[in-house]
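Read through the structure below, which is laid out as structure tokens, and then see the notes.
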Amino acid sequence: MEFNKNAGQDLLDVFCSVTGVSASHPAIAKVDYGETADFADQNLYPLAFLELPFQIQEDKQTEEYSIALNVLDRFDVENQRILTLSKCKQILSQIKEKLKERFVSVSDGSYLTYDETGSDQAVGIRMEFTATVTKMPIKCNDIFS
């Protein structure tokens with residue numbers, strides 16, 4: 001079944017699209033989100049982490065979601081740090097390309113590399129981008145009845 005990106009989406013649809021596409025990437029071992037995320041299990045890397053909450057701008061026909069998605073991974077020896085960051089960047093770029101099939105538009109990404117706090121063997125890349133979706137039609141009788 002073809003996904004209709006113009007059918008109208010809401011916050012739950014955007015969340016499910018980002019986490020679902022991230023989870024479907026063959027290199028991702030786990031997807032997590034929000035403040036309760038668990039970064040301790042070393043077997044769950046590479047890890048995709050979706051920051052919450054989203055910022056949302058709307059007009060009459062569309063909603064634009066500001067999204068921050070991270071990919072973190074571990075490395076064995078120090079000289080693999082840049083190689084691991086490069087791998088994380090490639091994974092994020094591939095996820096963003098796949099999301100273009102789900103949303104009306106996806107902006108270019110802005111990337112920031114970092115070392116995972118409390119760990120000398122994990123690095124990550126944070127990608128910020130916006131996703132524009134067709135606004136879900138609201139029927140007032142459904143909400144207030």
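The values are calculated or read from the model by the stated rules, or taken from the named source; none is laboratory data. Quick caveat: nothing in here was measured; it's all calculated off a predicted structure. Methodologically, a virtual Cβ is constructed for each residue, glycine included, from the backbone with ideal geometry; neighbour enumeration extends over all protein chains shown.
A few remarks follow.
- Single residue of region 102-135 satisfying the filter (among the charged types (D, E, K, R) and under 14 Å from the mean Cα position of the chain (by Cα)) that is modelled with the lowest pLDDT: R102
- Criterion violated by A27 - all others in (1) free of Cβ contacts under 8 Å to residues at least 40 places away in the same chain; (2) hydrophobic (A, V, I, L, M, F, W, C); (3) more than 22 Å from A131 (Cα to Cα) satisfied: (1)
- Residues (closer than 21 Å to E128 by Cβ and either touching a His at 6+ places or on another chain (Cβ under 6 Å) or buried (at least 17 other Cβ atoms within 10 Å of the Cβ) (or both)) located in region 64-90: E64, Y65, I67, L69, N70, V71, L72, D73, T84, L85, K87, C88
- Filtering I67, I91 for residues that are assigned to a strand (DSSP E or B) and not hydroxyl-bearing (S, T, Y) leaves a single hit, I67.
- Members of region 30-61 that are surrounded by 15 or more Cβ atoms within 10 Å (Cβ to Cβ) and either farther than 16 Å from K96 by Cβ or out of contact with any Phe, Trp or Tyr (no Cβ under 8 Å at 6 or more places or on another chain) (or both): K30, D32, Y33, A37, F39, L44, Y45, P46, L47, A48
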